[in-house]
1. For A:I280, indicate whether it is surrounded by fewer than 13 Cβ atoms within 10 Å (Cβ to Cβ), touching a residue at least 12 places away in the same chain (Cβ under 8 Å) and either more than 24 Å from the chain's Cα centre (by Cα) or farther than 24 Å from A:G246 by Cβ (or both).
2. Could you please let me know if A:R111 is in contact (Cβ under 8 Å) with a residue 40 or more places away in the chain, more than 14 Å from chain B (Cβ to nearest Cβ) and surrounded by fewer than 23 Cβ atoms within 10 Å (Cβ to Cβ)?
3. Is it true that some residue in the range A:119-138 is assigned to a strand (DSSP E or B), surrounded by 23 or more Cβ atoms within 10 Å (Cβ to Cβ) and not small (G, A, S)?
4. When only residues in the range B:283-306 that are within 11 Å of chain A (Cβ to nearest Cβ) and either in contact with a Cys (Cβ under 6 Å, 6 or more places away or on another chain) or of a type outside the set (S, T, N, Q) (or both) count, which is surrounded by the most Cβ atoms within 10 Å (Cβ to Cβ)?
5. Sort through A:G54, A:G68 and tell me the only one that's away from every other protein chain (no Cβ under 12 Å) and within 18 Å of the chain's Cα centre (by Cα).
6. Search the range B:1-33 for residues being of a type in the set (A, V, I, L, M, F, W, C) and surrounded by 18 or more Cβ atoms within 10 Å (Cβ to Cβ), and hand back the single one that is modelled with the lowest pLDDT.
7. Every residue in the range B:207-260 that is β-branched (V, I, T) and either more than 14 Å from the chain's Cα centre (by Cα) or part of a loop (DSSP other than H, G, I, E, B) (or both), please.
8. In the range B:293-304, what count of residues is obtained for those that are within 14 Å of B:F334 (Cβ to Cβ), at pLDDT 90 or above and in a loop (DSSP other than H, G, I, E, B)?
Number of protein chains: 2
Amino acid sequence: MKAHGLNPRIRKSPYFKSTLKYGATEFHPYNGMWMPVGYDTPINEYWNTIQRAGLWDVGVQRCVQISGPEAEKFMSMLTPRNISNIKVGQCRYIVMTNQEGGVLNDPVMMRMAEDKFWLSTADSDMYLWTKGVACYSGHDVDIDTPAVYPLQIQGPRSHLIVASLFGDEVLDLKYYDWMKAEINGINVIISRTGYSSEVGFEIYILGYERGDELYEAIMRAGKPFELAPGSPNRIRRIEGGVLDYGSDILVDNNPLELGMDRLIDFDKADFIGKAALEKIRDEGIRRKMVGVFMDGEIFQKNNEHRWTVFDHSKKVGEVTSAVYSPRLERNIGFALLDIAHDKIGTKLVVETPEGRRNLSVTSLPFIDPEKKIPRQSLRN
Amino acid sequence: MKAHGLNPRIRKSPYFKSTLKYGATEFHPYNGMWMPVGYDTPINEYWNTIQRAGLWDVGVQRCVQISGPEAEKFMSMLTPRNISNIKVGQCRYIVMTNQEGGVLNDPVMMRMAEDKFWLSTADSDMYLWTKGVACYSGHDVDIDTPAVYPLQIQGPRSHLIVASLFGDEVLDLKYYDWMKAEINGINVIISRTGYSSEVGFEIYILGYERGDELYEAIMRAGKPFELAPGSPNRIRRIEGGVLDYGSDILVDNNPLELGMDRLIDFDKADFIGKAALEKIRDEGIRRKMVGVFMDGEIFQKNNEHRWTVFDHSKKVGEVTSAVYSPRLERNIGFALLDIAHDKIGTKLVVETPEGRRNLSVTSLPFIDPEKKIPRQSLRN
């Protein structure tokens, strides 16, 4: 995006000015808003995320609010996950599915009150979907897009920074819990969530106007800890097995083939897509998202599109994301493969723009399968 | 967008390679796809559009298909417009509204068969909306996003180019009608529609694969007529009073305040938003979209955001789009104003990034109010 490409159709985040000031060199469109990226090289931002901490403007995670007397009933229809046991103060990673069991989004759901939920969404318009469903579902709910915009502070020093700014109470925040906080009269919601698989937080500002003040306050608090501005790190998310909606996940994917069985409760009375997913479960999935290693030269840039995977001359799937992991010192990625080829150790070939590479199937995630890193206690 | 900003999350149109070859210098995100722009200066592209013809890649107008035994009933619920009289072979400009009467999109609806409609959409996800509505509406319909991608050929020579490629039959195509055609085995739908308020056509390729072939065939056919690659021309659309979804129209706008009364049939049995729009009609609109002239220096670039309009010190509205019209030799634009200030000739002040300017209210559109230009007979 060049500066003259700015127009009212794609919104700026409340932190836009700060992100320019702190070195964003490029803006990616996401949910109708610009997401700042390119402060440093992806590899430098990667090391910063796993060794220190990064501040990421993810205001693009457009928040959809579902409220009203039947908010829980309605929310429960929107996701295969059992959400009845989620308490106020808790968040959950969920998928939302359509009538065919296709994945529409994979937001973080936050229970803000008994009768109020937030969806912190990936890149597809969940206002339109939920508002559409509500047309004739008969539930007494309101659907809104409140002016709340998250920042992420991610990395092993993130809790020290957040605690220095908002108090030590945040050190007691459990993984996927949220709390209210305030700084200089700026009200925020802090959740222990994020996109890095490291210790991390999201800070949701309530209201658009004071974004730059909050950003500056965090940068000041982070200075002793070498906090650096950055953006959601693709290398770290792929190492962590975190799928990206729109690139790894499309609407024609079902959660079973994506390995998201834990996000489905078939014992729930009903949810949109239940019958379709039961059928897929009973018949067996036909493809599977797996981890892959790819031989050869280090990948120097992101894959612009999906790469075809072959078993000899037969097309058996696609690599959806590929990147070089500096820590594993290997090219890694995700591939959606025909089910006959999903076994660990399977040898295949992938067609990249620089030619064919040998590929071998592995398990996901590449690092920290039990998520011990982000779940760890923050009190020593 | 820089080249390294490309990733699988935002799609390329089927004409992507051709648009690069023919000089697109920038890509705007729209409906999850890149729209190529910046082949020439906006003013050169403007003169080309009104004097000769331009070829625009608008593959971003993502097509949503509604089909099935109850397609007409369902489609009728989705829009305030009466569509029961629309025949196969016809298109209509419609608005789609939510439960509060807010505008969700303003697509061109095409009746492809008795039981099949296409929506050629503006920049918001009408797949998610219609798919959501269908969850519980009880209609027997299928909702899909077929692989069809329009190009626009717009300008006073456009019919000569389209006829030279597809035959003189297109000269009999009435304004807002469509027909099937074929070139070198590439099947297309041609409609007499577009975004220029000039004579113009949209050519929908059926299938993604052969986009570049079609683009090249059109460029060859257009050469004798000085066809030039370009993009939807903002100057011409503002002269023509064509509102842009996402910049001029937001979800909190109702069609009555946008002057779209002709798109509402209150006699219809029901449609989503009917009760809300009846209430707004009965109580009277509180603001109105108007045309405005703005004094002072020629605007050199697009407004990045809306500009506040004042009556003395009181905020009375916003300019949503502003541009310099080389033909009118004035700065023109749209403003959404409090209803007390909507009379033609009203004098107000607008705050621009370069300071305050005097503003006066005028009628819309600025040119050709009866759309005589695009409606004209193409047979001499």
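1. Considered against the rule, which asks whether it is surrounded by fewer than 13 Cβ atoms within 10 Å (Cβ to Cβ), touching a residue at least 12 places away in the same chain (Cβ under 8 Å) and either more than 24 Å from the chain's Cα centre (by Cα) or farther than 24 Å from A:G246 by Cβ (or both), A:I280 comes out as no.
2. no
3. yes
4. So the residue we want is B:R306.
5. Just one listed residue meets the conditions, A:G54.
6. It comes out as B:M1.
7. Those that are β-branched (V, I, T) and either more than 14 Å from the chain's Cα centre (by Cα) or part of a loop (DSSP other than H, G, I, E, B) (or both): B:I218, B:V242, B:V251.
8. 2
The values are calculated or read from the model by the stated rules, or taken from the named source; none is laboratory data. This one's a predicted model, so the numbers in the text were calculated from it and none came from an experiment. Positions of Cβ are backbone-derived with ideal geometry, glycine not excepted, and every protein chain shown enters the neighbour counts.
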